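This report refers to the structure that appears directly beneath it.
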Amino acid sequence: DCDDGPGEVARAKACIKKLVGSDQIFALITGVDWATASIHDDLKQYHLPYVGAWAYSQTEWQDPFMFPTHMSMIHEAMAGAHWVVNVIHPKTYGLICLTSPEMQLACNVVKQIVDTSGAKMVKRVDVSISETSMSAYVLAFRAANPEHIVHYVINPATMAKFMVEAAQQGYYPPKG
């Protein structure tokens, strides 16, 4: 067991070195790691298979030492967007996207699919993982008035802040 923190590359690399060197592991199994995109060289160096990588990073699907057990974020976004189109049926929607490359790709796929249904995106915001307040974003969505908001912000704290601050402002999109 080794905690590499919230995606800190140096800590992730130090964990792998410790696990291989001191603990003499021969594989990684079902880790949740924000730094998966930065450890490819380490896995190759130690010939260390990573079974159950969570597929946050697109590069996990290209690494011969990684065996993701979850669909890629792009495919998850496609499935989610089709669900929004087929179940929610919004005429207008908003999109909240984390600034990471994977979440930007996911949001672009969502936009493409939902726009094809005839729905109109009325507001998109790109947020960082370290947002201290989401209040300005809540106000922006209130002004844009989407029927539904889709998010690809894998960090739960950021979206929890959005929901708490939206509740404090008495805001809830009609279709969620």
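This table checks each residue for (1) over 30 Å from Arg142 (Cβ atoms); (2) touching a helix residue (DSSP H, G or I) at 6+ places or on another chain (Cβ under 7 Å); (3) modelled with pLDDT of 90 or more.
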site	(1), (2), (3)
Gln24	yes, no, yes
Thr36	yes, yes, no
Lys44	yes, no, yes
Tyr50	yes, yes, yes
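The residues in the range 120-134 that are open to solvent by 40 Å² or more (accessible area, probe 1.4 Å) and outside any loop (DSSP other than H, G, I, E, B) can be counted, and the count is 6. Restricting the first member to the range 6-27 and to residues that are open to solvent by less than 50 Å² (accessible area, probe 1.4 Å), and the second to residues that are assigned to a loop (DSSP other than H, G, I, E, B) and of a type in the set (D, E, K, R), the beta-carbon pairs closer than 6 Å and six or more apart or on different chains are Ala12/Asp4; Cys15/Asp4.
Out of everything in the range 105-163 that is under 17 Å from the mean Cα position of the chain (by Cα) and aromatic (Phe, Trp, Tyr), what residue ends up being nearest to Pro6 (Cα to Cα)? Restricting to residues being under 17 Å from the mean Cα position of the chain (by Cα) and aromatic (Phe, Trp, Tyr), the top hit is Tyr152. Applying the condition of being open to solvent by less than 20 Å² (accessible area, probe 1.4 Å) and not in a strand (DSSP E or B) to the range 139-176 and asking which residue is farthest from Ala119 (Cα to Cα) yields Thr158.
The values are calculated or read from the model by the stated rules, or taken from the named source; none is laboratory data. All of these numbers come straight from a predicted model, not from anything done at the bench. Don't worry about glycine lacking a Cβ; one is built from the backbone with ideal geometry, like all the others, and counts go over all protein chains shown. Please note that ligands, DNA and RNA were not included when accessible areas were found on the heavy atoms of the full protein model with its side chains. Shrake-Rupley method; radii C 1.70, N 1.55, O 1.52, S 1.80 Å.
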